[in-house]
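The values are calculated or read from the model by the stated rules, or taken from the named source; none is laboratory data. For clarity, every value in this text was computed on a predicted model and none was experimentally measured. Please note: Cβ atoms are built from the backbone with ideal geometry, for glycine as well, and neighbour counts cover all protein chains shown.
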Amino acid sequence: MPVKQRLKNYADGVEAFLRGSLKGKGIPAGLLESMEYSLLAGGKRLRPVLCLCFARMLGAPAQAAMPFAASFEYIHTYSLVHDDLPAMDDDDLRRGRPSNHKVFGEAMAILAGDALLTEAFGLMARTSEFLPADRVSRAIATLARAAGAAGMVGGQALDMAYTAKAGVSLEELREMQALKTGALITAACVCGAELAGASDDLVARAKSYGQSVGAAFQIVDDVLDVVGDEKTLGKPVGSDEEQGKTTYPSLIGVDHSMDLARRHAAQAVDSLSPFEGEEAAFLRDLAQYIVDRVS
């Protein structure tokens, strides 16, 4: 089965969980509508899928890890809602639809993002009903670091500081993207391993895979902003250049950027050398698929 279809099959399980996850909580109707507008807007569900695959590959039942895996999508969605705001990236489209603030207004978009982030930690805590509490608390700490000031939020702060700034170096770009995009992708892999009670060596391999896949993913996203099309991406093409953002193509060109993405994908595959089975095969193919999105 093609990797794209396997990714969809994994993502369908996440989607089914997400659809009912905010119901019956007493959330005011307008806020709930705004939250679900973005949370249920589709997407690859890459981060929860990575969490579930590593958990299952290392011995934890996928359904037991599902609430924790879904929390990654809550956090990712909140970050997109806030990134699209006029004070941030000022994007009008997200996943082929008007951005949250274009539909519900800036104030409600901010509140929806705040709510999704907070609800994510409730989902993480729920996982202790199904898996040992020490594993869950370790994974919560991992995700909190990855999503916070020294992780995704810190990366967004660097991204804002570097926008329209001349002379941003390749190393500065690498660090910013490792935080803004890579930290959450890496945490998804690590948390899956931690929820399964994996050894430190196997957790380190999960981390290595996540770091390599995260780097490849963001480099390819940079390239797609140059050579992709709006219909496929679901957002405007060329917005990075328009906003004065430093990207891999702007520093080293499209061809060298793709060479670098392929090297990261190969490193991700190497990290999986001890693993066998359906999930391991999928993760290897996924690393290559991330690069192949350009073709």
**Message:** If the requirement is being touching a Gly at 6+ places or on another chain (Cβ under 6 Å), touching a residue at least 24 places away in the same chain (Cβ under 8 Å) and either in a loop (DSSP other than H, G, I, E, B) or under 18 Å from E119 (Cα atoms) (or both), which of these qualifies: H76, H82?
**Reply:** H82
**Fill in**
Considering only helices (runs of 4 or more DSSP H) wholly within segment 220-295, the ones with at least 2 residues that are among the acidic types (D, E) and modelled with pLDDT under 85 are 239-242
**Message:** Can you confirm whether A109 is more than 20 Å from G182 (Cβ to Cβ), in a helix (DSSP H, G or I) and at pLDDT 95 or above?
**Reply:** yes
**Prompt:** Of the numbered conditions (1) surrounded by fewer than 24 Cβ atoms within 10 Å (Cβ to Cβ); (2) of a type outside the set (D, E); (3) at pLDDT 95 or above, V168 satisfies every one except a single condition; which is it?
**Reply:** (3)
**Asked** Is it the case that P61 is surrounded by fewer than 16 Cβ atoms within 10 Å (Cβ to Cβ) and out of contact with any Phe, Trp or Tyr (no Cβ under 8 Å at 6 or more places or on another chain)?
**Response** no
**Fill in**
Among helices (runs of 4 or more DSSP H) completely within segment 126-217, the ones holding 2 or more residues that are free of Cβ contacts under 8 Å to residues at least 24 places away in the same chain are 133-147, 152-162, 170-177
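Kindly indicate whether F68 is buried (at least 17 other Cβ atoms within 10 Å of the Cβ), touching a Lys or Arg at 6+ places or on another chain (Cβ under 7 Å) and aromatic (F, W, Y). Talk me through it step by step, then tell me what you get.
Values: buried (at least 17 other Cβ atoms within 10 Å of the Cβ): yes; touching a Lys or Arg at 6+ places or on another chain (Cβ under 7 Å): no; aromatic (F, W, Y): yes.
Considered against the rule, which asks whether it is buried (at least 17 other Cβ atoms within 10 Å of the Cβ), touching a Lys or Arg at 6+ places or on another chain (Cβ under 7 Å) and aromatic (F, W, Y), F68 comes out as no.
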**Message:** Being out of contact with any strand residue (DSSP E or B) (no Cβ under 6 Å at 6 or more places or on another chain), over 26 Å from M1 (Cβ atoms) and at pLDDT 95 or above is the requirement here; does S208 meet it?
**Reply:** yes
**Test: residue in segment 1-21 that is of a type in the set (A, V, I, L, M) and closer than 30 Å to T163 by Cβ** = no
